[in-house]
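Since every read-out is calculated from the coordinates, none of them should be taken as a lab result. Owing to the predicted nature of the structure, the values given are computational and were not obtained by experimental measurement. Neighbour counts run over all protein chains shown; Cβ positions are idealised from the backbone, glycine included.
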Amino acid sequence: MQDLLQKGFSLGLGILVTTKEKVEEVVGELVKKGDISTEEGKKLVSELIEKGETSRKELEVQMGRIVQNILTKLDLPTRKELNELKAEIEQLKEKK
């Protein structure tokens, strides 16, 4: 499960990097053509990257909720519950 989440995160990060490069490329072309100034281009790149980062964070929160919902539906024990059970087992062993 964690491997799947890691792959999903890596994919998202890869898309973010690719998108950043593409944004810089497209804005660079606009600057070369003279459609916008260098300063406007820098500002535009910054704004678009910021919006992309905000979207990424929102997606991460949504993915977290989805994963939590799935785990709840699967009724899997949490790490805390497992640790509590281990502690109880150790206590029972010591009483013998």
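Overview of values
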| item | result |
| --- | --- |
| Members of the range 18-72 found to be free of Cβ contacts under 8 Å to residues at least 24 places away in the same chain and either of a type in the set (Lys, Arg) or touching a Phe, Trp or Tyr at 6+ places or on another chain (Cβ under 6 Å) (or both), listed by number | LYS22, LYS32, LYS33, LYS42, LYS43, LYS51, LYS57, ARG65 |
| Residue within the range 73-84 that is in a helix (DSSP H, G or I), surrounded by 11 or more Cβ atoms within 10 Å (Cβ to Cβ), within 28 Å of the chain's Cα centre (by Cα) and touching a residue at least 60 places away in the same chain (Cβ under 8 Å) present | no |
| Residues (of a type in the set (Lys, Arg) and surrounded by 11 or more Cβ atoms within 10 Å (Cβ to Cβ)) located in the range 52-72 | ARG56 |
